[in-house]
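Asks: Sharing a structure below in structure tokens format, with a few things to ask.
Every read-out reported here was derived from the displayed coordinates using simple, explicitly stated rules and does not represent laboratory data. Since the structure is predicted, the reported quantities are computational estimates derived from the model, not experimental observations. Glycine also receives a Cβ, built like all others from the backbone with ideal geometry; neighbour counts cover every protein chain displayed.
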Amino acid sequence: MKFIIIYITHKNLKEAKKAVAYLLGKKLIACANFFPIESAYWWKGKIVSAKEMVSLVKTRKENWIKVRGAVKAIHPYETPCIMKIEVEANQDYAEWIYRETI
């Protein structure tokens with residue numbers, strides 16, 4: 001079994017929870033964690049600083065394309081950050097992720 005964590009930035013906790021609820025409802029992810037962050041980045045020729053929220057969502061490796069597409073479809077950002085990180089998990093947790101996703 002192969003698993004991934006998907007790192008997604010959101011403008012606030014409300015938007016992050018909305019996206020995660022959608023993904024959980026579709027059984028595309030098993031769970032998520034939320035973290036407040038401060039970001040600095042180039043946007044339309046200027047350096048911008050912003051407070052954002054990150055969600056780390058956990059799922060099967062084969063769900064990457066589905067999760068990425070679902071997030072892009074509902075995300076309010078013009079260019080959302082949706083990044084895949086391949087991970088290994090302890091056996092019990094890996095089996096739980098597999099059972100909770102399709």
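Asks: Taking Cα atoms, how many degrees apart are the long axis of helix 64-74 and the longest axis of the chain, rounded to 10 and kept between 0 and 90?
Replies: Taking Cα atoms only, the helix is inclined about 40 degrees.
Asks: From the phi of every residue in region 42-56, what ³J(HN,Hα) in whole Hz does the Karplus formula 6.51 cos²θ - 1.76 cosθ + 1.60 yield, where θ is phi - 60° and glycine or proline is x?
Replies: For region 42-56, the Karplus-derived couplings read 7, 8, 6, x, 10, 7, 10, 10, 7, 8, 9, 10, 10, 10, 10 Hz, x marking Gly and Pro.
Asks: Taking the mean number of other Cβ atoms within 10 Å as a proxy for protection, how do you rank 65-72, 52-59, 35-42 from highest to lowest?
Replies: On the way: 65-72: 16.2, 52-59: 20.5, 35-42: 10.1.
Order by mean packing, descending: 52-59, 65-72, 35-42.
Asks: Among I82, W43, N63, flag the residue with its Cα farthest along the positive direction of the charge dipole of region 23-100, charges on Cβ as +1 for Lys/Arg and -1 for Asp/Glu.
Replies: Working it through, the farthest residue towards the positive pole turns out to be W43.
Asks: Now for a different question. Packing-wise, with mean Cβ within 10 Å as the measure, how do 25-33, 73-81, 93-101 rank, highest first?
Replies: Numbers: 25-33: 17.0, 73-81: 12.2, 93-101: 15.3.
For the peptides 25-33, 73-81, 93-101, the packing ranking is 25-33, 93-101, 73-81.
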